[in-house]
Amino acid sequence: MQKLIKDGLIVENVYSLINDEDTPINENSIIPADKWLANPTHVAGIWLESDQNPSLLEGIDLSQFKVIGVNFPAFADGRGFTYARLLRERYNFTGELRALGNFIPDQLGYLLRVGFNSFDFSAEVNLESALKLHKPFDVKYQGDVNDPRPLFLRR
């Protein structure tokens with residue numbers, strides 16, 4: 001079973017990312033959001049593609065999901081950062097928010113600031129090395145999802 005970083009620890013990935021039609025879906029599955037919207041079923045979670053704004057989940061009780069993933073098709077695609085912040089602040093999702101796809105360990109500090117707490121890296125990433133980058137910045141000028149106050153209000 002593949003491992004991932006969750007809440008600052010390397011842990012077993014207990015959920016299965018289902019991205020094809022042939023794999024059976026169960027309560028430990030994470031499926032594409034559009035597939036779930038077409039046929040709502042009991043799953044562990046859903047994931048958004050980079051072209052799927054979280055507004056498509058408007059009116060849905062997100063607390064039914066243990067995890068919501070956001071896919072990064074390329075490390076230079078920054079839409080997932082915005083989606084994470086929207087899921088945390090506008091849609092009040094408090095569960096596991098997982099980064100999926102092609103992001104890099106150097107982005108962990110920024111991913112933490114917008115609300116991600118779980119990171120499913122590609123198999124070639126050394127999780128021990130990535131974990132060393134799993135910490136928020138010491139000094140931040142802007143607020144974030146954990147502390148929305150700007151620097152001048154934190155002094």
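At a glance:
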| read-out | value |
| --- | --- |
| Probe 1.4 Å - accessible area at E96, Å² to nearest ten | 10 |
| Exposure of H42 as accessible area (Å², to 10), given a probe of 1.4 Å and all protein chains | 140 |
| Solvent-accessible heavy-atom area per residue, rounded to whole Å², over the stretch 57-140 at 1.4 Å | 50 |
| Two-site label geometry, L131 and K3: point separation in nm, points 7 Å out along Cα→Cβ | 0.6 |
| Mean Cα-pair separation over length for the chain, i.e. relative contact order, pairs under 8 Å, 6 or more apart, % | 20 |
| Highest-fluctuation residue, Q107, Q52, Q142 considered, GNM on the chain with Cα pairs under 10 Å | Q142 |
| Mean Cβ neighbour count within 10 Å, used as a protection proxy, ranking 81-91, 57-67 highest first | 81-91, 57-67 |
| Solvent-accessible area, 1.4 Å probe, carbon plus sulfur percent, for the chain | 50 |
| Solvent-accessible surface ranking, highest first, for D34, D22, D144 at 1.4 angstrom | D22, D34, D144 |
| Correct choice for Rg and Dmax of the Cα atoms in Å that was computed from the model, options [x] 15.6, 55; [y] 21.1, 78; [z] 13.7, 41 | [x] |
| On Cα atoms only, tilt of 79-89 relative to the major axis of the chain in degrees | 90 |
| Placed amide H near W47: partners under 5 Å, 5+ positions off or other chain | I31, A33, G69 |
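The values are calculated or read from the model by the stated rules, or taken from the named source; none is laboratory data. Model, not experiment: these values are computed from the prediction. We place every Cβ from the backbone using ideal geometry, glycine too, and count neighbours over all the protein chains shown. What goes into the accessible areas is simple: the full protein's heavy atoms, side chains included, and nothing from ligands, DNA or RNA. Shrake-Rupley method; radii C 1.70, N 1.55, O 1.52, S 1.80 Å.
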